[in-house]
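Before any comments, here is the structure.
Just so it is clear, none of the values below were taken in a lab; they were calculated from the coordinates. Since we're looking at a predicted model, the values are computed, not measured. Cβ coordinates were reconstructed from backbone atoms using ideal geometry, including for glycine residues, and neighbour counts include every protein chain displayed.
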Amino acid sequence: MEESFSAVFKQSVSVTAASRTDAGVHALGQRVCFNVENCRIPTGKLPLILNSYLPDDIAVTAIETVGADFNPRYMAKEKKYHYNIWNGKTPNPLIRHTVVFFPYKMEIGLMREAAKSFEGKHDFAAFRATGSCVLTTVRDIYECRLDSDGCLITIIIRGGGFLYNMIRIIAGTLVAVGQGKLRPSDIPLIIRSRERSEAGPTMPAHGLTLVAIKY
């Protein structure tokens, strides 16, 4: 993005992203902030121009002007993610880049019950990648629920912020519940344990999509 933006504006451009996602994770609602001097291109025309310079896997959907003190990461109030699982007997090649194929039987009702236990403010130390370093592991989850449409299962999570790999570990824990390896009543106990070894596996990155960010 920096190379493309620098070419368009004919000056060195640095970007600051709102969310630092894992390699392989997708984003529909990523926000990026940058500064340019003496821009004469109307804001409304910038998406079309920038997209002609960007690679095919990146698209600018909208641009707006913000104050000089705006920080897309620290001023975010809410982030929404989807984790997509294709729970069928055979994979779906048309959406293989954005869903994780999981052919084993799962009890969706139990997963829905377990998901509710993640809502609220908790210490999510058990749901962060081993070795990650943060000031606090307490996070506030506004919503955690499951939608299903045929073979497609979507875990929807909204919160003020997330730890490294946190959503992928939550997804892995819910899959373990769906398989009967964990019970919905185990989730509060795992949260209180603060032990990564008590939670489920880390699901693959490509099933995760950053859907939206609110300010």
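Using the reciprocal of the averaged 1/r over all distinct C-alpha pairs, how large is the Kirkwood radius of the stretch 122-203 in Å?
When all Cα pairs of the stretch 122-203 are included, the Kirkwood radius is 13.1 Å.
Taking the Cα-to-Cβ direction at Asp123 and at Tyr74 and moving 7 Å from each Cα, how far apart do the two end points lie in nm?
In this crude spin-label approximation the distance works out to 2.6 nm.
Where the convex hull is taken over the Cα atoms of the stretch 1-75, what is its projected area averaged over directions, in nm²?
About 5.3 nm², averaged over all directions.
Could you list log10 I(q)/I(0) for the stretch 78-214 at q = 0.10, 0.11, 0.16 Å⁻¹, which the Debye formula gives when each Cα is one point scatterer?
-0.29, -0.35, -0.76
Mind checking the angle between helix 166-178 and the chain's longest principal axis? C-alpha axes, 0 to 90 degrees, to the nearest 10.
With both axes taken from Cα atoms, the answer is about 30 degrees.
Beyond 23 Å between alpha-carbons counts as too far, so tell me which of Lys10/Lys45; Lys121/Lys214; Lys89/Lys116 fall in that bin.
Lys89/Lys116
If the only charges are +1 at each Lys and Arg Cβ and -1 at each Asp and Glu Cβ, what is the size of the charge dipole of the chain around the Cα centre, to the nearest 20 debye?
Using Cβ point charges on Lys, Arg, Asp and Glu, the chain gives about 300 debye.
Hey, any idea what Rg/Rh is for the stretch 146-185, computing Rh the Kirkwood way over Cα pairs?
That ratio is 1.00, to two decimals.
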